[in-house]
Each structure stands twice: as C-alpha cells, then as structure tokens.
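Q: Starting off with a structure, shown below.
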Amino acid sequence: MKIAVIGSGYVGLVTGTCLAETGNEVVCIDIDKSKVQKLSMGEVPIYEPHLDILFDRNIKAGRLKFTTSLKEGLEHGEVIFLALPTPEEEDGSADLSYVLGVAEDIGKLLNEYKVIVDKSTVPVGTAEKVRDTIAKYATCDFDVVSNPEFLREGFAVDDFLKPERIVVGSSSDRAIELMKKLYKPFVRSGNPIIVMDEKSAELTKYAANSFLATKITFMNEIANYCEKVGADIDKVRIGIGTDSRIGKRFLFPGIGYGGSCFPKDVKALHKSGKNSQYDFKILDAVIRVNDSQKIALLPKINTYFNNNLSNKTFAIWGLAFKPETDDIREAPALYLIDELLKEGAKIKAFDPEAMKNVAHKYGDKIDLVTTMYEAVQNADALIICTEWSIFRTPDFNKIKEGLKTPLIFDGRNLYDIVDIEKEEISYFSIGRKDIKL
Ligand code: UDX
C-alpha cells in the first residue's frame, strides 16, 4: 500500500519504518528541512534499538522516503498517518494546534478519497475535530480513523511489529477494511485488531497509560508504607503478582514514573475529565504521589548526612527516565539532581545513552563522566536512578575503592538485600530495610 506519515518524530519514524518493512511504500513528511535531509541520508536522530537496521534496509530498498512537502506526501498516500506532537499546555491539557493545523492544510490540498489516521495521543473528540476541520475545506470524500500507538521506548520496533493488539476507531467500513489490510502482516500470531468507535479508541490510549501509571504509583505507596512498618516490598510484590488478576508486570517500585507519555497522559486525562465536569480523584492522587516519589531518596540522603549536603559529592548512575533510551523527559534523576544542587551538593553523573541530552540541559552545573566507576571516585555516596542492565552486577570492590565511604542510595531496588549485606556497604532502597554499617 502507499502510505504517508506526517511528523517524523519518535512515533512517526517507528510507524513509517515498520510499515515499510512489510513492503508498503512510505513517504514521511516533516517541516524541519535539516531533519528531512539527514533522514534521507539514512541518519536516525533518536536512539531506539533495532530501528537503525530496519531504517537503513528500507531506505536502500526505496520503500522509505522523506520530504518537507505535504502536497507530495498527500498525493502519494492512500492512508495518511498523523504522528504529530500534542505537548502539554500549562493547565495539563493536550495542545492540539499541530494536529488541527495540519488537518486544515490537508483539507485545502485534498482532492481524492484518503483515510486520515490519528496516531498521536489525543483527547476524546479529537477525531471529530479533525474531521470537521478537514471538511471545512475538502472537496472530496475522506475518512478519519483513531489508531492509538502503544509503543514503549526501547521496545518500540518490537511493539510495532508484534503488537498485543491494534485498536482501530472508525465508523466507516471502507476505512476499517483498509486498516485491516494494512495491519494484517502484524497480527499473524492471532492477536486482535479491535474495532470500535473513535471516541472509545481515543480513550483506550489514555486509560491504558493512566492505569499503568496508577499501578506503579499504588506499588510506590505500598513500598513507602513497607518502610514505616518494616515489611519488604519485594516479598509483597511477588506475593500479589502471582495472582493472575493482578499480574507480575508494572509492579516495580522506585523513584516514580517519567518519560514523554505517562506524566503527560495522566495529566491530560485528568484535565479532560474536568472539562467534562468529571473529577478524576484517583488521577489527581497519582499525579501528586508521583511528584513526591521522584524525590523519595532525598529525605533518606538528608537524614544520613544530618541535613548538610553542601559540598558533598554524589555519583549518579542513570539519567534517562528508564533504561534503553536516551530520553530524559520527566526523568526522576533530574528532579533529584535539581534538589541536590539546591542544597549545595556536587554531582558526578553517568548514563550509557542520555549524557548528550543532559549536557545540553545542565551545561557545567554537573560533572558528566565517561564511565560508571569514574563517577564514584571520591564521591560521598552513589545514587542509582535508572535500572540499566550494566548497573545490575557491578564490581562492588571498585565502588568501595572509589567512594569515600561505602554508601549507596538505590532508587530502583537493583540489588537483593541478602547480597548487599555481604558486601559491607550502607544501602538504602525503596520499601525495604535499610542497611547501615
Ligand atoms: C509507555 C507505555 O508503556 C506505552 O504503551 C505508551 O504508548 C507510551 O508510554 P514508555 O513511556 O516508553 O511507554 O515507558 P514504560 O516502559 O511504560 O515505563 C514508563 C515509566 O514507568 C518509566 O519511568 C519506568 O521507569 C516506570 N516504571 C515502569 C516503574 O516505575 N515501575 C514499573 O514496574 C514499570
């Protein structure tokens, strides 16, 4: 099939590349000229495992092309994906100006039947707004479909190629048939293409992300309570996760969720509720608990150092909001670093992928070092903020040799308490007993 993808950001690139991989002819459109130039030369601007291999293969095969011309893209595609940003407004709602701006441009250019597919995460009712906007100008028939993405950063290619489900929101049989044809190669395993109305499809995305954020936040509260009463969150997690109604995944406590999706989507759903006179009390609590969880290690650090962090040096392992990404948006590490800097501490940080993005944000306010062991040299303590695999089995002797005193604050519970007890290190984690030498 012939496909156009408008917006060559994270979702647009993964969507375009993966659709090309199954033999479709894909044209990606972006307004950023230099980005389009680089993409056309095979440069992938984001870190996403496996994307580069597929990208290279499909560009070489001539199935994946880039342009700044919306007209060219529209003429090419029978299905037009919108993968545009919906940034958070100051009041938490989603800014639809990119989506509706492009809808207007599409309306003005449209002269034959096309299916316009909304991949961006958008509030309930957006498909209707997109349809109305296009209809104001268009002189031909068209359909609008809501088709939310469920791509995890770090696993986006796999999630796209082997989705657990595909949600298609549309009331047009013609559009539904086209979408089914397009996605057929991705659901050979028998996973479903779930067809529903547009509004339910739009809400499915928000409900999924908000549910997962709530699940994590609930565990974070149970972990905080474990600390008060001397219970162990690891044991509680396994105890409840073996109940198939609860499930084992997304029960890992830590210093909160971050990233480009959960924080934005939970706030947007909360705000959408308000706009419809519905008060999502549970989401309000999730937002507040997660905000305080991002700095949950701070009171422990302050207690250890008698509220005097000035001129203390902290090694930070992990800056990205989660492993396998260079994304630092809403990363808990950065909230903690900001608080430590405010209290006069010095920071020596290491992350396998996110250093470039962090350097951009902090300049010379923090020290970025090239290895995890360099970070601990002469530091007063090690703080772990992201669960990269490389941090899971470190050489504890090297850590102890580097640190002034053997002391770890672990925001991701990377080590078993029994293992750490053998290492003779003071160790503070989330929802488990403290080890104080
Ligand atoms: C998420 C959704 O999973 C994806 O379906 C959606 O389309 C986009 O948003 P992503 O933001 O890439 O994907 O990350 P995810 O792996 O879901 O993790 C989100 C956050 O939750 C991270 O900060 C992670 O550290 C945190 N998390 C996750 C926990 O704190 N505990 C857990 O048990 C799981």
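Q: Looking at this model, which pairs from LYS361/LYS398; LYS342/LYS398; LYS129/LYS271 are more than 23 angstrom apart at the alpha-carbon? List each step's numbers first, then the result.
A: Numbers: LYS361/LYS398 29 Å; LYS342/LYS398 29 Å; LYS129/LYS271 18 Å.
In this structure, LYS361/LYS398; LYS342/LYS398 exceed 23 Å between Cα atoms.
Q: Something else: Taking every pair of alpha-carbon atoms in segment 86-145, give the share separated by more than 15 Å as a whole percent.
A: Details: 809 of 1770 pairs.
Of the Cα pairs, 46 percent sit more than 15 Å apart.
Q: Also: Would you mind computing Rg(Cα) / (2.2 N^0.38 Å) for segment 294-428, counting N as its residues? List each step's numbers first, then the result.
A: On the way: Rg = 13.5 Å, N = 135, 2.2 N^0.38 = 14.2 Å.
Against the compact-globule rule of thumb, the ratio is 0.95.
Q: Let me ask you something else. Under the rule of -39500 (n - 2.57) per DSSP H run of 4 or more residues, summed and divided by the residues of the chain, what mean residue ellipticity at 222 nm is obtained, to the nearest 500 deg cm²/dmol?
A: Working: 18 runs with 193 residues, N = 437.
The helix-only estimate for the chain comes to -13500 deg cm²/dmol at 222 nm.
Q: Using the structure shown, list the pairs from LYS348/LYS422; LYS108/LYS267; LYS215/LYS274 with a Cα-Cα distance above 31 Å, or answer none.
A: Numbers: LYS348/LYS422 27 Å; LYS108/LYS267 33 Å; LYS215/LYS274 22 Å.
Over 31 Å Cα-Cα: LYS108/LYS267.
Q: Sticking with this structure for a sec: Which FRET efficiency, nearest 0.05, do LYS404 and THR370 yield, Cβ-Cβ r, R0 25 Å?
A: Numbers: r = 21 Å, r/R0 = 0.84.
The formula returns an efficiency of 0.75 here.
Q: Would you work out the relative contact order for the chain, in percent, from Cα pairs under 8 angstrom that are 6 or more residues apart? Spell out each step's value before the answer.
A: Details: 855 pairs, mean separation 49.7, N = 437.
Relative contact order here is 11 percent.
Q: Another question, if that's okay. Only counting other Cβ atoms within 10 Å, I'd like LEU19, LEU182, LEU251 sorted with the fewest neighbours first.
A: Sorted ascending by nearby Cβ count, the order is LEU251, LEU182, LEU19.
Q: Once you put a point 7 Å from the Cα of LYS136 and another 7 Å from the Cα of LYS342, both along the Cβ direction, what distance in nm separates them?
A: 4.3 nm
Q: Please state, rounded to one decimal and in Å, the Kirkwood hydrodynamic radius that segment 2-196 gives when every pair of distinct Cα atoms enters the mean of 1/r.
A: Values: mean 1/r = 0.0596 Å⁻¹.
Computed over Cα pairs of segment 2-196, the Kirkwood hydrodynamic radius comes out at 16.8 Å.
Q: Now for a different question. Bin width 10 Å, alpha-carbon pairs only: give the P(r) of segment 84-193 as whole percents, running from 0 to the bin holding the largest distance.
A: Here the calculated profile for segment 84-193 is 14, 39, 33, 13, 0.
Q: Based on the Kirkwood radius over alpha-carbon pairs, what is the Stokes-Einstein translational diffusion coefficient of segment 205-292 at 20 °C with 1.002 mPa s viscosity, in µm²/s?
A: Estimated via Stokes-Einstein, D reaches 156 µm²/s.
Q: A further question on this structure: Relative to 2.2 N^0.38 Å, what does the C-alpha radius of gyration of the chain come to as a ratio? Two decimals please. Walk me through the numbers before you get to the answer.
A: Working: Rg = 23.7 Å, N = 437, 2.2 N^0.38 = 22.2 Å.
So the Cα radius of gyration is 1.07 times the expected 2.2 N^0.38 Å.
Q: According to the square roots a ≥ b ≥ c of the eigenvalues of the Cα gyration tensor, what is the shape class of segment 1-81, taking rounded for a/c under 1.5, prolate for a/b larger than b/c otherwise, and oblate for the remainder?
A: Here segment 1-81 falls in the oblate category.
Q: Now for a separate question. Taking 29 Å as the cut-off for C-alpha to C-alpha distance, list the pairs among LYS71/LYS180; LYS71/LYS119; LYS228/LYS312; LYS281/LYS436; LYS35/LYS294; LYS228/LYS365 that go past it. Before the final figure, lay out the partial values.
A: Working: LYS71/LYS180 26 Å; LYS71/LYS119 20 Å; LYS228/LYS312 27 Å; LYS281/LYS436 39 Å; LYS35/LYS294 33 Å; LYS228/LYS365 35 Å.
Pairs exceeding the cut-off: LYS281/LYS436; LYS35/LYS294; LYS228/LYS365.
A short reminder: the numbers here are calculations on the coordinates, not readings from a lab. Worth saying up front: this structure is predicted, and the values here are computed from it rather than measured. Because the Cβ atoms are built from the backbone with ideal geometry, glycine has one as well, and the counts that use them run over all protein chains shown.
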